[in-house]
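First up is the structure itself, then whatever we jot down about it.
Throughout, read-outs are computed from the coordinates displayed, never taken from laboratory work. Every value quoted in this text rests on a predicted model; they were computed, and no experiment measured them. Glycine also receives a Cβ, built like all others from the backbone with ideal geometry; neighbour counts cover every protein chain displayed.
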Amino acid sequence: MKHYSFAIAIGVACAVIGCSKNQRDELDGSGVFEATEVILSAKTAGDILAISVEEGEFVVAGQTLALVDTQRLELEMRRLRASFDELAHNRANAQHSIALALENRDRVQKQFSRIEVLLQEGSATQQQFDELQSAVTIARLQVKQAQTALQVLEAKREQLQAQIELLQIQLRDSRIVAPLDGVLLARYIEKGESVHPGSPVVKIADLSIVYIKVYIGESDLDRVGLDMPVEIRIDGRPEKRFPGRVAWISSKAEFTPKNVQTREMRASLVYAVQVRVDNPEGLFKIGMPADVFFALEHR
């Protein structure tokens, strides 16, 4: 389940233009870094045999993070494969039966054709004709029965194949694999504990790109655009500003979040703006506060 999560409520220091313009004609706001987070859940039931990562570790896409016990699935797979092998022998026998039935039908059909001519010539009796006519009907019925038996076996074969493929998926799903590069934020399960489909196992965050949400007033909405460059400042590096860009602007106004200090600001209608910041060195952490500065165009 992939989603954007806010680990800490967004702090807005100067979100509305009425209190945030300065002499350089900048609009500034404050928030906390967030990232794309993925919670990996178990897809099959069983006990956790191993979990190979600790919180805070970096993981890579395709890395196995945890393993669910598959002993029962493997035993079921052996049973199904044995049934599949048995079915293969039965299919071979059924195909042989069809061949014999066809051969018998053709032989009886030829005999019937000859007796039909002989009957017309007066060289055969009506009883002989009737007996061979019945034999033809029986031979044709035997062919149909043999063919039906093979069709039944083919249907069973399809069912077994589907069950085997389903088990193969469950066996693959027993390995909980990282879908992306990131940092392990949380592990919800320990070795030996039982899980069922849907049980959360670990949570990963992609910290290569982080986001900050800030708020602007309606009067400044037309001065902020998508992909607009912004500058980021963090408390740990107050002397430096880092680049970012506007990734998303809300199309719906909302009241300023309750954690803004003054009653007047809380009553203001504002628009959320999400800023994207590249984080190749992992300097920015989830929940870390930061200030965002927009270089506004003069109206």
Checklist outcome for this item: Between His89 and Arg72, the two model label points (7 Å from Cα along the beta-carbon direction) sit apart by a distance in nm of 3.0
Checklist entry - So for the pair Ser250, Glu131, with labels modelled 7 Å out along Cα→Cβ, what separation do we get in nm? => result 9.6
Checklist outcome for this item: Whole-Å distance linking the alpha carbon centroid of the range 64-93 with that of the range 225-250 is 56
Item to check | Most fluctuating residue given options Leu226, Leu153, Leu141, as computed from a GNM of the chain linking Cα atoms under 10 Å | outcome: Leu141
Next on the checklist: Around Glu55, under 14 Å between beta carbons, what's the net of Lys plus Arg minus Asp minus Glu among the other residues?
Outcome noted: -1
Checklist entry - Which percent of Cα pairs goes in each bin when the distances of the range 80-198 are cut into 10 angstrom slices starting at zero? => result 11, 21, 17, 14, 12, 9, 7, 5, 3, 1
Item to check | CD proxy at 222 nm, helix term only [per DSSP H run n ≥ 4: -39500 (n - 2.57); per residue of the chain; nearest 500] | outcome: -12500 deg cm²/dmol
Next on the checklist: Angle check, please: helix 126-173 long axis (alpha carbons) against the longest principal axis of the chain (alpha carbons), in degrees 0 to 90, nearest 10.
Outcome noted: 20
Item to check | Which listed pairs, of Lys43/Lys156; Lys213/Lys285; Lys191/Lys285; Lys43/Lys213, have C-alpha distances above 23 Å, in listed order | outcome: Lys43/Lys156; Lys191/Lys285; Lys43/Lys213
Checklist outcome for this item: Taking every other residue with Cβ under 14 Å from the Cβ of Ala88 and scoring Lys and Arg +1, Asp and Glu -1, one gets 0
Checklist outcome for this item: Scoring only Lys, Arg, Asp and Glu (+1, +1, -1, -1) among other residues with Cβ under 15 Å from the Cβ of Leu118 yields -2
Next on the checklist: Among Asp181, Asp220, Asp173, which one shows the highest mean-square fluctuation when the chain is modelled as a Gaussian network with alpha-carbon springs under 10 Å?
Outcome noted: Asp220
